[in-house]
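**Student:** Below is a structure I'd like to ask you about.
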């Protein structure tokens, strides 16, 4: 089993839709979690941290489920500009983040 | 506030050649990590430099080596290039290794290496 697994998609949704991505991780001792956004042929950019209590930033909500070892990202009222690849990142305690392969989101008019 | 800068942005090399990629961390950051991102994949950790020493290393062969200078900038060297080394090479900086654990990374825009 890979350390961090994501459905590569693509998720193809209309503007205004709500879409959710999950990411599973194998190391139960993992301590910190992030979502990054990566536009085509660009560098990853930190989108948000994921806390045990959940984390909301505008239209974006991230949650952590330690019992089932997954994190999620919910995007409400999708915009065309949300089209990107969303990378899940997990820190297993070695201070070296492990990246998933990313989930591709395409928002169409 | 200067972000992470990498050079060159693009590079084409021939199999068997050697390449050096450069990274200057974000102002105030002292830790540099290098990642390789193949097309359609997530970034894979190569190694991390802190206080001019390699602190941790991922599952990459010895052909991949690096260096960190007193001003915190860093180089990634790859010897005996293979076609499979073609990828986007990303540099990420943070304040001490532990900070990325808490706050995540700041990435440079990367160097796209093509090996022909």
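**Student:** Do the conditions hold for residue B:8, that is, is it buried (at least 22 other Cβ atoms within 10 Å of the Cβ), over 23 Å from residue A:100 (Cβ atoms) and in contact (Cβ under 8 Å) with a residue 40 or more places away in the chain?
**Tutor:** Criteria not met by residue B:8.
**Student:** Any idea which residue in segment A:20-36 is farthest from residue B:107 (Cα to Cα), counting only those that are free of Cβ contacts under 8 Å to residues at least 60 places away in the same chain and more than 11 Å from chain B (Cβ to nearest Cβ)?
**Tutor:** A:28
**Student:** Let me ask something additional. In segment B:8-29, what residues are at pLDDT below 95 and at negative phi?
**Tutor:** Of all residues in segment B:8-29, those at pLDDT below 95 come to B:26-29.
Those that are at pLDDT below 95 and at negative phi: B:26, B:27, B:29.
**Student:** I've got another one for you. Do you know which of the residues in segment A:6-19 that are over 10 Å from the mean Cα position of the chain (by Cα) and crowded, with 16+ Cβ neighbours inside 10 Å is nearest to the other protein chains (Cβ to nearest Cβ)?
**Tutor:** Among residues in segment A:6-19 that are over 10 Å from the mean Cα position of the chain (by Cα) and crowded, with 16+ Cβ neighbours inside 10 Å, the one nearest to the other protein chains (Cβ to nearest Cβ) is A:11.
**Student:** Report the residue count in segment A:47-92 for those that are in contact with a helix residue (DSSP H, G or I) (Cβ under 8 Å, 6 or more places away or on another chain) and modelled with pLDDT under 95.
**Tutor:** The number of residues fulfilling the criteria is 2.
**Student:** Give the residue, chosen from B:33, B:100, B:109, that is buried (at least 19 other Cβ atoms within 10 Å of the Cβ), outside any strand (DSSP E or B) and either free of Cβ contacts under 8 Å to residues at least 24 places away in the same chain or within 9 Å of chain A (Cβ to nearest Cβ) (or both).
**Tutor:** B:100
**Student:** I would also like to ask the following. If I go through segment A:63-80 residue by residue, how many of them are outside any loop (DSSP other than H, G, I, E, B), farther than 15 Å from residue A:44 by Cβ and touching a residue at least 24 places away in the same chain (Cβ under 8 Å)?
**Tutor:** Adding up the residues that qualify gives 7.
**Student:** Identify all residues within segment B:49-71 that are within 30 Å of residue A:86 (Cβ to Cβ) and either crowded, with 22+ Cβ neighbours inside 10 Å or away from chain A (no Cβ under 12 Å) (or both); write none if there are none.
**Tutor:** Residues of segment B:49-71 within 30 Å of residue A:86 (Cβ to Cβ): B:49-50, B:55-60, B:64, B:66.
Those that are within 30 Å of residue A:86 (Cβ to Cβ) and either crowded, with 22+ Cβ neighbours inside 10 Å or away from chain A (no Cβ under 12 Å) (or both): B:49, B:60, B:64, B:66.
**Student:** Inspect segment B:37-48 for any residue being surrounded by 13 or more Cβ atoms within 10 Å (Cβ to Cβ), in contact (Cβ under 8 Å) with a residue 60 or more places away in the chain and within 14 Å of another protein chain (Cβ to nearest Cβ) and give the result as yes or no.
**Tutor:** Yes, because at least one residue in segment B:37-48 is surrounded by 13 or more Cβ atoms within 10 Å (Cβ to Cβ), in contact (Cβ under 8 Å) with a residue 60 or more places away in the chain and within 14 Å of another protein chain (Cβ to nearest Cβ).
The values are calculated or read from the model by the stated rules, or taken from the named source; none is laboratory data. Since the structure is predicted, the reported quantities are computational estimates derived from the model, not experimental observations. Every residue, glycine among them, receives a Cβ derived from its backbone with ideal geometry; neighbour counts consider all protein chains shown.
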